[in-house]
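This report refers to the structure that appears directly beneath it.
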Amino acid sequence: MSNSTNLVVPVVLWGKTPPTHCISCIYLSEDQHTLITGCHDGQICLWQVEPDTFKMTPRCLLVGHTAPILCMAKASIIQDNNFIVTSSELGEMCTWDLVDGKCRESVKLAFVHTNMQPYQMNTCEDVRLFCNGCYAEVLVMDPFSLEIIFSLSSKVNPDWISALYVLRPNKRKDDVVLALTTTATVKVWTLSGSETKQSEPIYEHESKPIRCLNALTISCCATLQRTVLIVCAKYWQIYDASDFSVLCTVISHRGERWLGGEFLSLDRILVWTDEGKAYLYKLPSNCVADNMDFHKKSSDVDTPYLYCICCYNQVKPLSCPPAFRFFTQPNVGKFLLRGDSDGRVLVWQIPDVTQERMMGAPPPLTQQPLKVTSIAQNWAAVHPPPVGILDQLDSHDEPPIKLTASIYLPQHSRLVLGREDGSIIIVPATQTVMLQLLHGSHQQYDDWPPHQLLVGHQGRVNCLLYPNHVHPRYEKCHLLSGGEDFAVCLWDLFAGNLLHRFCVHAGEITQLLVPPNT
Amino acid sequence: MRHPHEHILTEVEKEEALCLQKEFEWVIHKEVHIILKQLQTILLECSKRFPLTLFGNEGPYKSDKLILASSQDTLKTIVNLNGDSISFADIQLKVHRHHQHQTQTYKTSIQKEHPWKLHQIQDAGNHLQFALYHIDNVDEGYRFKSAEEVLHVLDNILNCLQRGRTSLIVPRKRTIDDLMKSRNMKSLTPPLPEDLAISFYIQSHKLICAAYQLSNVQGTMKFEQYQAENSIPWLNEVLVLFTVALQLCQQLKDKINVFAQYKDFTVNISSSTA
């Protein structure tokens, strides 16, 4: 915080309690040094990761989105290109630099994505994002300019696409987009790589209705590309990619719903659930593309065999389904990441269970996580604890009163803070920062400028406004506050008294705005 | 030594806290399920109004025939609405030509080979469907474990309903350029002159046909707008049901929030009372 009007250096005083971080989306950077978690409040946390030990330390909190983060994807195939694209429930998209945490590009679209697959097309130097969501097309976007390069349309039963997978079939030069609509129509587009926004509408080449409404994910087995895994909340299924016939189905366990899954190899799959567990299955021979029995009718004796369960015994139940991400460390092994509602991150190593160990179908193994960490745990490990703005006011017996609104007045170099109990406190900004962040003899002084206390609200202070900051037509001494108590208070900042208290009968005041000039 | 009054007060408070705790468990274990069931009934009713294949709704669907007319009949349209698409439309537009000082009439049509899809209807239907899926995902005998868990489910449902309602009430903004280049414009038969554009969209319960006449006034592009509209009967019912469901859901959320502010309130999972 500087007194010069053209330079404001943001300083964060975190306080003793960690920020809530209910994870909705999780991703590990290509170089495996940065973990990215997006949460339901729209913030994104960057964690420093030691790839050998999976020690994770929160490093940065990126603020920019105003709604839950729904999906994220890497922006480049280049290993040390540290950019990531995130997309929120309001259609906001951002490209972030993972090194310094800066937002490089942002747009707000009328389209809300639920999934983005980064994919390098045949003719392209780097990846493009294949997006699907609450709209009836597939949008192909540039991860750095965030422009729509082209879109894929449907001729037959156009509807929202609920799951999508892009792949290049073996020994072919064109790319294939495999997509499933919410109403269970599989669609296939074949792309040559020369598509542009101006070109004629690109329609699907094939379209076939199947019986799996509202699929969550679709993925193709990488080895032979003949089998497809489709995960729906109540079951997962293996399909033959050539004619989209069902080869096997597994219903979810009681009280659990599938969330997603991946092929581990030709005959092994990994699926995870909203209860925060992951299940490993060995596929029956009619689902394995290089087997003699492939595509034959499944027999009762040969069903998917559950050979391992990844779980974690959490004390507190999860308040919403966690986010998962599967990744491979070359030459080390396969791993599964989970981020949950308590800002906790788990890593499981996916065990390589040999064929011999599965002989006689023993009961499934249980795999405990390799590493468990959380924001709260990292917070507790900081000594002395992170300082807060009003630490000097806290008594040690009672829990501190939560801050619910704050504004900074650069002209006065003062910080105005609204609290949960309805009080408003004004403190000198620079001194507060000095007092909390710098160690030295000044901490012993007892002649600090006193703080001001404004009392007038009977409940949480939701918002604060210093209108003079926006337009000089407003008095320099006026400060406004709005609260849970349906009231707007007008304060004299210099005298420290309440000038007016306006009460509406409509409801809580959530925001105060200065009207435009005209 | 404690003051006797203080002691009595804490006893009363203890009892009150116990009552609140019991009430909380009742809300979480019983009331939530009852309201979700009611909500499901309302949303299924809503979904039956849609002429689309949705959760608990399978054809056949009747089509609507609507006449849209503007004041002084500058714009007049007869529309066949089939599901979420205009399968046929007869459009007649009277345009004043300044340089010719006369009014010219243009006629065009939408043919069934190139229907005009009203994606707003599909979007609303899909959002509604997702709300139903969120309810369906809560198993009948499921015992919620915390207020946060219920709030998450309710937020999901509320978000879906809000988005569904918004997609009908607030049409997606398009530039005149996008409209001119759209596939729908290109498939009008016969095509309209280059300075005219037509758009169909939904605004709350009404189907609106808007016509735009572009003109170049001293180098800047300007456009005049004509609008014709008519109400779609089933959309009105859909909007009412959306609103009723939103209210019901919000009320339950408020109820849960009352308990959620007491941080030491937890549900005894093993308890078989409630």
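Taking amide H positions as modeled 1.01 Å from N, with prolines and chain starts lacking one, the residues under 5 Å from residue A:227 and 5 or more places away or on another chain are A:221, A:241. Axis of helix B:147-169 versus longest Cα principal axis of chain B: the two differ by about 20°, to the nearest ten degrees. Averaged over the residues of peptide A:148-160, the number of Cβ atoms from other protein chains lying within 10 Å of each residue's Cβ is 2. Length gained on full extension, residue A:188 to residue A:376, computed as 0.36 nm times the residue gap minus the Cα-Cα distance: 63.1 nm.
Per-residue mean of other chain beta-carbon atoms within 10 angstrom of the beta-carbon, peptide A:245-258?
On the way: counts 0, 0, 0, 0, 0, 0, 0, 0, 0, 2, 4, 1, 2, 0.
Taking the mean over all residues of the peptide, I get 1.
For the stretch A:183-296, the alpha-carbon radius of gyration amounts to 1.18 times the rule-of-thumb value 2.2 N^0.38 Å expected for a compact globular protein. Normalising the average separation of contacting C-alpha pairs (under 8 angstrom, six or more residues apart) by the number of residues puts the relative contact order of chain A at 8 percent. Calculated mean residue ellipticity, 222 nm, chain A: -1000 deg cm²/dmol, from DSSP H runs (n ≥ 4) at -39500 (n - 2.57) each, averaged per residue and rounded to 500.
Neighbouring Cβ atoms from other chains, within 10 Å of the Cβ of residues in B:119-131, number 3 on average. For the stretch A:391-503, what's the relative contact order in percent, using C-alpha pairs closer than 8 Å and at least 6 residues apart? Reported as a whole number, the value is 20 percent.
By average Cβ neighbour count within 10 Å, what is the ranking of A:371-379, A:357-365, A:317-325 from highest down?
Details: A:371-379: 17.8, A:357-365: 10.4, A:317-325: 21.1.
Descending mean neighbour count gives A:317-325, A:371-379, A:357-365.
Within a straight-line Cα-Cα reach of under 29 Å, residue B:14 can be paired with the following lysines, leaving aside sequence neighbours fewer than 8 residues apart in one chain: A:316, A:402, B:22, B:30, B:145, B:253, B:255, B:263.
For the protein assembly as shown, rounded, prolate or oblate, judged on the Cα gyration tensor with a ≥ b ≥ c (square roots of eigenvalues), a/c < 1.5 rounded, else prolate if a/b > b/c?
oblate
Along each principal axis, taking the top coordinate minus the bottom one, the Cα set of the stretch A:391-503 gives 44, 35, 20 Å in descending order. With the highest mean first, a sort of the peptides B:18-27, A:222-231, A:9-18 on other beta-carbon atoms found within 10 angstrom per residue produces A:222-231, B:18-27, A:9-18.
Once C-alpha pairs closer than 8 Å and six or more residues apart are averaged by separation and normalised to the residue number of chain B, the relative contact order reads 22 percent. Across the stretch A:66-173, the volume of the C-alpha convex hull divided among the residues equals 112 Å³ per residue.
For chain B, what does the equivalent ellipsoid look like in terms of its semi-axes, each the square root of 5 times an eigenvalue of the Cα gyration tensor, given largest first in whole Å?
Details: eigenvalues 620, 86, 36 Å².
Sorted largest first and rounded, they come to 56, 21, 13 Å.
For the stretch A:100-369, the fraction of C-alpha pairs farther apart than 25 angstrom is 50 percent.
We did not get these values from a lab; they are worked out from the coordinates using the rules stated. This one's a predicted model, so the numbers in the text were calculated from it and none came from an experiment. Cβ coordinates were reconstructed from backbone atoms using ideal geometry, including for glycine residues, and neighbour counts include every protein chain displayed.
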